[in-house]
Amino acid sequence: MTALTSPLRRPAAALPLAGAILFAAGMALTPWESENATRAYHDALAAQPGRAQAAAITLAFAYALLAAGALACAGLLAGRRDWWLRVGTVVTVLGMTILPGLLITDAYDLALAQELPRETSVRVSEAAGDLVLSAVLGVAGGLGLLLGTSLIAIALWRARVVPVATPVLVIASWVVGYATFTPTVMVGGALLLVTANALAARQLWPPRDGALAEGAVSRPAAAP
């Protein structure tokens, strides 16, 4: 395993982990609908408006921390000419800066669910979802969350600063979490992301004495 002397080790370790923890907390707070349908979604929001707002706020900060963590990892491996890292950083930061803005739709859906008859609230919400704007921003945000974080994890492994379990668990978290619309499974996927980032943080956090790990070098290995 490669150790680094960069002052960005602490931010690269702490920010993604903090973001993953908040992401898991936001997923757990979300008042999930009973089925993947707009009517069920509005029923769930109206039934637990406090949780809905708390979940959205928590996820907004989670995405901000994940974006900051991506930049810290990019700085940590700045000397590497690795497209996994470059593409992963760009896609992650782009997605993580879009997703917090999209969370405002939760507020509008909550207001619709509380103030309008259900048939009307569903019709308005689905009309908004059918807009090209919604599709473009949704895809860009989703790619940042799923693809971007996976590419960065792979880049860190290729640089030999995190174990192979880190990218494996990151990818598994998205596959597990989004393979089926089941709240328990989605929260479980988020916990896999926490585990992946905890493993990475353990390797990235500087030793107390400032010494490099045995057999380590002071900079990332060249890309294969």
Report the relative contact order of region 65-161, percent, no decimals, based on alpha-carbon pairs under 8 angstrom and at least 6 residues apart.
48
At 222 nm, what value in deg cm²/dmol follows for the chain if DSSP H runs of at least 4 each add -39500 (n - 2.57) and the sum is divided by all its residues, to the nearest 500?
-24000 deg cm²/dmol
Nearest 20 debye, what's the magnitude of the dipole of region 90-186 about its Cα centre given +1 on Lys and Arg Cβ and -1 on Asp and Glu Cβ?
560
Cα-centre dipole for the chain with unit charges at Cβ (Lys and Arg positive, Asp and Glu negative), debye to 20
1100
Dividing the mean separation of Cα pairs under 8 Å (6+ apart) by the residue count of the chain yields a relative contact order in percent of 33
In the chain, what percent of the accessible surface is made up of carbon and sulfur (1.4 Å probe, ligands and nucleic acids excluded)?
66
Who wins for biggest fluctuation among GLY129, GLY142, GLY19 in a Gaussian network model of the chain, springs between alpha carbons below 10 Å?
GLY129
accessible surface per residue for the chain, probe 1.4 Å, DNA/RNA/ligands not counted, whole Å² -> 50
Among ALA179, ALA28, ALA13, which one shows the biggest mean-square fluctuation in a GNM of the chain, springs joining Cα atoms closer than 10 Å?
ALA179
Among ALA153, ALA24, ALA172, determine the one that fluctuates most according to a GNM of the chain built with springs between C-alpha atoms less than 10 Å apart.
ALA172
Which loop chymotrypsin sites (Phe, Trp or Tyr not before Pro) in region 13-42, with loop taken from DSSP, have no more than 16 other Cβ atoms within 10 angstrom of their Cβ?
none
Using θ = phi - 60° and Karplus 6.51 cos²θ - 1.76 cosθ + 1.60, couplings along region 66-71 (whole Hz; Gly, Pro as x):
5, 5, 5, x, 4, 5
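The values are calculated or read from the model by the stated rules, or taken from the named source; none is laboratory data. As the structure is a computational prediction, the values presented were derived from the model and not from experiment. Positions of Cβ are generated from backbone atoms using ideal geometry, with glycine treated the same way; all protein chains shown enter the neighbour counts. Ligands, DNA and RNA are excluded from the accessible area calculation, which covers all protein heavy atoms including side chains. Shrake-Rupley method; radii C 1.70, N 1.55, O 1.52, S 1.80 Å.
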